[in-house]
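Have a look at the structure below before the remarks.
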Amino acid sequence: MTQPRMSDRMSTGIPSRNAETEKLYWSPEELREWQLDRLRATVEQAKKSEFYRDRLKGFKPDSIEDLQTLPLTVKEELRPASPFGLLAVDPADLFQYHETFGTTGVPVSSWMTGRDFEVYSDQINQAGADFGKGDMVLIRFPYAISVPAHITAHAAQKRGACVVHASSRTLIAPHTRVISLLRKLNCTVFTGIALEGIFLAETAKLMGYDPAADFPSLRAICCAGEMLTEARRERIAALWGAKVYNMYGTTELGNVAADCPEGSLHASSDHFIFEVLDEETHEPVEDGQMGLLVVTTITREATPLVRFLTGDHVILTPGATCACGRTTPTIRHYGRDLNCFDFGGKRIFTRDIEERLLALPPDVIGNIYIYVVKDDEVVVRAESGRDDAAGIRDVVGRVASDLGIPFRIERVPEGDLFDRQKLLDVDPVIKPRYVADWRTDERHPDTLKALLSGYHTFVGKGKG
């Protein structure tokens, strides 16, 4: 029997305050006391690893601020330490192993005990999607080596939901099969990276369905694995007629932030201690200023990390202002080097362009576009149906004025950048590339193949 658009559990407005989120409603004083107690235990646990044994020798924090006396832990140090140098428990106590993708170097190992696995799933259940009995949750993250699929599935099952293990795009689970599963199983939630929500909607259309009308059971989409802007979130929500929730984490750390029911990305301060540092000086920035995110785990057993420099650019805003009632800070995620480029001596984040670009209607600027960075201008080449000269001029002007760059939008017909028929084919799953080399083919760079794996738009370098 087909379920209604919103399940009874969601429509009755059951609050998100529960065992997993309880500490997110604590006063700042209560939370800091908890963090300091857990920090002390984490430091002692980390000293059991070869990596931290000498680095933390003699360190006994009297305050959270004492962390700033320690060196940062950077990813390049973790590569040679993998797979066993970070291990802080007896191998007999291990439960699961994962690795980073390794696209920028040797993969970094991430071990979990059974308790780590449970804690990680609790972090997922801080999200406002609020899995529960009656939910049919389709998992569209990759299961091979990666973390999110396993953890999200367990989080849903802990809440009593049924899980459909579809995995990412494979020979067994192409986009067409996923659409069939979503319909015939009356799935209420699906999870995956943001672009997968767009690709599945395109696939549904190719199969003759209206994504917003023909999947009446679908109530929520949970995204993770790439930067998600508010504008893009609204696009995906409109495509499916379902609410979109964002989760942010890393393989090394866990899920460090999750959307509340109001759509604010709240830091999981009960599991992590956060610092935001100036990129050049590594000194703390003021609240509300952009910097590099540094995270210390305080509930992880197998591979605890102290002052891990994530490489992510974020703005951390103090809590107690969100309508959901949570007191923990909110995070505005700008991504890593893959999500920005240099132009005229400035660093430009694609988020800042995308938020303005997607203010235009979807039939004017579609969901498939690339950034081409030339010597004298920045161009967004976007698939487009209807012309809106005035609207485009307005967006071009705002990008140029707000970001201080010469900017142009180049409209191309739908299918020019991405052949939708490819969604009906089966190709290997690959990690996306974000930088295209214009010397090969500016209009159809090889990196467009990355879109077929269900990942992200990318930054391209154009001719000077």
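The values are calculated or read from the model by the stated rules, or taken from the named source; none is laboratory data. Being a predicted model, the structure only gives us computed values, none of them experimental. Note that we place each Cβ from the backbone using ideal geometry, even for glycine, and neighbour counts take in every protein chain shown.
Can you tell me which residue is nearest to SER268 (Cα to Cα) among those in region 226-252 that are part of a loop (DSSP other than H, G, I, E, B) and not β-branched (Val, Ile, Thr)? If we take residues in region 226-252 being part of a loop (DSSP other than H, G, I, E, B) and not β-branched (Val, Ile, Thr), then GLU252 is nearest to SER268 (Cα to Cα). Counting the residues of region 197-224 that are in contact with a Ser or Thr (Cβ under 8 Å, 6 or more places away or on another chain), part of a helix (DSSP H, G or I) and within 27 Å of GLN126 (Cα to Cα) gives 0.
In this structure, is THR251 surrounded by fewer than 20 Cβ atoms within 10 Å (Cβ to Cβ), out of contact with any helix residue (DSSP H, G or I) (no Cβ under 6 Å at 6 or more places or on another chain) and closer than 17 Å to PRO148 by Cα? Lay out the reasoning, then the answer.
Working: surrounded by fewer than 20 Cβ atoms within 10 Å (Cβ to Cβ): yes; out of contact with any helix residue (DSSP H, G or I) (no Cβ under 6 Å at 6 or more places or on another chain): yes; closer than 17 Å to PRO148 by Cα: yes.
Yes.
Residues checked against (1) within 27 Å of LEU277 (Cα to Cα); (2) without any contact (Cβ under 8 Å) to a residue 24 or more places away in the chain; (3) in the same structural domain as ILE151 (by TED's automatic domain parsing); (4) part of a strand (DSSP E or B):
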site	(1), (2), (3), (4)
LEU56	yes, no, no, no
PHE59	yes, yes, no, no
ASP62	yes, yes, no, no
GLU77	yes, no, no, no
PRO80	yes, no, no, no
TYR120	yes, no, yes, no
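Please go through (1) assigned by TED's automatic domain parsing to the domain that holds LYS184; (2) in contact (Cβ under 8 Å) with a residue 24 or more places away in the chain; (3) not in a loop (DSSP other than H, G, I, E, B) for GLN68 and return the number of the only condition it doesn't satisfy. Evaluating GLN68 over (1) assigned by TED's automatic domain parsing to the domain that holds LYS184; (2) in contact (Cβ under 8 Å) with a residue 24 or more places away in the chain; (3) not in a loop (DSSP other than H, G, I, E, B) leaves (1) as the failure. For the subset of region 109-137 comprising residues that are surrounded by fewer than 24 Cβ atoms within 10 Å (Cβ to Cβ) and among the hydrophobic types (A, V, I, L, M, F, W, C), which member is nearest to ILE193 (Cα to Cα)? Per the criteria, the residue is MET136.
Among the residues making up region 179-198, those that are closer than 14 Å to ASP214 by Cβ, out of contact with any helix residue (DSSP H, G or I) (no Cβ under 6 Å at 6 or more places or on another chain) and either free of Cβ contacts under 8 Å to residues at least 40 places away in the same chain or surrounded by 20 or more Cβ atoms within 10 Å (Cβ to Cβ) (or both) are SER180, LEU182, ARG183, LYS184, CYS187. Can you find, within region 4-29, the residue that is modelled with the highest pLDDT among those that are surrounded by 16 or more Cβ atoms within 10 Å (Cβ to Cβ) and of a type in the set (S, T, N, Q)? Here the residue is THR21. Listed by position, the strands (runs of 3 or more DSSP E) inside region 303-365 whose residues that are buried (at least 18 other Cβ atoms within 10 Å of the Cβ), among the β-branched types (Val, Ile, Thr) and at pLDDT 95 or above number at least 1 are 308-317, 330-335, 346-349. Here are some residues: ALA204, ALA242, ALA220, ALA238. Which one is surrounded by fewer than 22 Cβ atoms within 10 Å (Cβ to Cβ), in the same structural domain as PHE274 (by TED's automatic domain parsing) and either at pLDDT below 95 or more than 22 Å from SER146 (Cα to Cα) (or both)? Going through ALA204, ALA242, ALA220, ALA238 in turn, the sole match is ALA238.
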